1. Restricting attention to the stretch 102-152, which residues are in a loop (DSSP other than H, G, I, E, B) and more than 30 Å from the chain's Cα centre (by Cα)?
2. Quick check: anything in the stretch 123-138 surrounded by fewer than 21 Cβ atoms within 10 Å (Cβ to Cβ) and within 30 Å of D11 (Cβ to Cβ)?
3. If the requirement is being closer than 25 Å to K248 by Cβ and in a loop (DSSP other than H, G, I, E, B), which of these qualifies: G69, G88?
4. Mind checking which pairs have a first residue in the stretch 316-339 that is over 20 Å from T351 (Cα atoms) and open to solvent by 50 Å² or more (accessible area, probe 1.4 Å) and a second that is at pLDDT below 85 and in a loop (DSSP other than H, G, I, E, B), Cβ under 9 Å, 6 or more apart or different chains?
5. If you scan the stretch 6-39, which residues turn out to be surrounded by 17 or more Cβ atoms within 10 Å (Cβ to Cβ), in contact (Cβ under 8 Å) with a residue 24 or more places away in the chain and out of contact with any Gly (no Cβ under 8 Å at 6 or more places or on another chain)?
6. Exactly one condition in (1) surrounded by 20 or more Cβ atoms within 10 Å (Cβ to Cβ); (2) on the phi < 0 side of the Ramachandran plot is false for S175; which is it?
7. Give the residues of the stretch 220-229 that are surrounded by fewer than 17 Cβ atoms within 10 Å (Cβ to Cβ) and either within 11 Å of the chain's Cα centre (by Cα) or part of a loop (DSSP other than H, G, I, E, B) (or both), sorted by residue number.
8. From (1) open to solvent by 20 Å² or more (accessible area, probe 1.4 Å); (2) assigned to a loop (DSSP other than H, G, I, E, B), pick out the condition that doesn't hold for L299.
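The values are calculated or read from the model by the stated rules, or taken from the named source; none is laboratory data. The shown structure was predicted, so the numbers you read here are calculated from the model rather than taken from an experiment. Please note: Cβ atoms are built from the backbone with ideal geometry, for glycine as well, and neighbour counts cover all protein chains shown. SASA here: full protein model, heavy atoms, side chains in, ligands and nucleic acids out. Shrake-Rupley method; radii C 1.70, N 1.55, O 1.52, S 1.80 Å.
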Amino acid sequence: MNSALSFRHVDIMFPSRKGGGLVDKAIALAREGKSRAEILEATGVVLGVSDANLEVERGKISVLMGLSGSGKSTLLRAANRLNKTVNGEVLIGNGVAHVDVASCNEDTLRDLRKTRIAMVFQQFAILPWRTVRENVGLGLELRDIAPAIRREMVDEKLELVGLDKWADSNVKSLSGGMQQRVGLARAFATDADILLMDEPFSALDPLIRRKLQDELMMLQKKLKKTILFVSHDIDEAMKIGNQITIMKEGRIVQTGTPQEIVAHPANDYVRDFISHMNPLPILSADSFMKPLSHDLSDLTIAGSGPYRLDIASGRLVSADGRSFSTLFLASGEPAPQTLAQDCILCVPETTPLSEIAALSQQSPWPLLVHNGSAITGLCDERSIISAVVQVSRDAA
């Protein structure tokens, strides 16, 4: 994995008594699986995070999930050493190699905070006496960027988040959603590789929250930042996350793609987390399709087969002369309103179950699945129904 941010065996403890030995004892008890309450009673140390291992891939959004007190914000804040670790490594790219944030010197840490890691807070963290432009340019100002260059960089990011018309407005005059856009623009203006976002939309009403989620996803397609995002909302996590990590009492319970979390919850705790969400937009074709061999020798349609794909004509041709035209769809591309009777749709592996179910109603034939270069699977009525039944059973 091309990791931009790595947590390796990270422990974060908050001692309420003096004495390093108590922290060491707390770590040992945590490794034995003792609960947070048991560790506190035995040592006077509050377990923040225990033995956390997480790889955040470059250019992806990784979401930390959990109930209040699960350790998600505690772990996120270790990425820029707002929370100090007592054990383990927090590795980030510095443009040349990896640096351990947990143990680097103050000068290196200061440079990382200025140039490589930016943070977006839940409560906006804006300076109310400054204009929108002055708030967005704060990080650049601290880096002593020349005013003319700073203004150009700030204006570019304000246009990116749709605030260019409010550049000279007092930030207090903006709505909550617009103020959070100021926070996003300020983080983007630093051109940091890694963005830390600690429940940035939770203080907003649902409509604005969904709008900003959509905007973040749109911006991410352009900027391709590495984002570590804290949320307590499973629907938000499933919507924006390429990777989801679920935590409980300072420990990582499961990490995986949204599809993996929904299709294969690690335990009852994770199962409870996903029980009230709609899995149909999450599960993708590659997680429930019938796999096919490369030569399609195990593909049977309406009782005839095996088939081969004739590249020149784009048709599936069987040994007995039966053939179907094959329409390959790209990701997000809609199918035609009407299909020829002999046309079979071939959809990307990333197509969600909800779209697969809808497309299956447009054609009497099964759907083929491709990975961009080859046909890899088939979704028929049986596999679609089985997927729906399975996720319903897991959520029950």
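1. Within the stretch 102-152, N105, P128, W129, R130, D144, I145, A146 qualify.
2. yes
3. Result of the check over G69, G88: G69.
4. A319/G305; A319/P306; D320/G305; R322/A302; R322/G305
5. S6, V23, I27
6. (1)
7. K224
8. Here L299 meets the rest and fails (1).
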